[in-house]
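Chemist: Would you mind keeping the following structure in view while I ask a few things?
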Amino acid sequence: MRVMKYFVALVFLGIFASLGFALYFMLKDGRNGRAKSGGMARALTFRIGLSVFLFLCMLLAWKLGYIQPTGLPLGKWMVLVPGEP
């Protein structure tokens, strides 16, 4: 269970890092007569790949029983309809 938390945190850091690289390439490429390098597209593609990978790993971990869904307790989050007990 603890390993899964670290794994998810590490993948999230990778996703945020790739967003940072995409921002960097967006701001720096194509200025002062330089050609665009395509770094932003590569960074965003990498981010999409990491996101899909994380989703598939979470689905696999749920199917194998490494993580359990907890949900919300019904008593606290039920919507009260006027006129009903």
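Laboratory data are not the source of any read-out in this text; all were calculated from the coordinates shown. Worth saying up front: this structure is predicted, and the values here are computed from it rather than measured. Here the Cβ is made from the backbone with ideal geometry for all residues, glycine too, and neighbour counts use every protein chain on show.
Chemist: So what's the net charge close to GLY20: Lys and Arg +1, Asp and Glu -1, counting the other residues with Cβ under 13 Å from its Cβ? Please list the in-between numbers first.
Modeler: Details: positive: LYS28, ARG47; negative: none.
Net charge in that neighbourhood comes out at +2.
Chemist: Between MET4 and ASP29, what length in nm is gained on full extension when 0.36 nm per residue of separation is reduced by their alpha carbon distance?
Modeler: Fully extending the segment from MET4 to ASP29 adds 5.3 nm.
Chemist: Follow-up. Over the residues of the stretch 1-67, compute the C-alpha Rg and express it relative to 2.2 N^0.38 Å.
Modeler: Against the empirical 2.2 N^0.38 Å value, I get 1.46 for the stretch 1-67.
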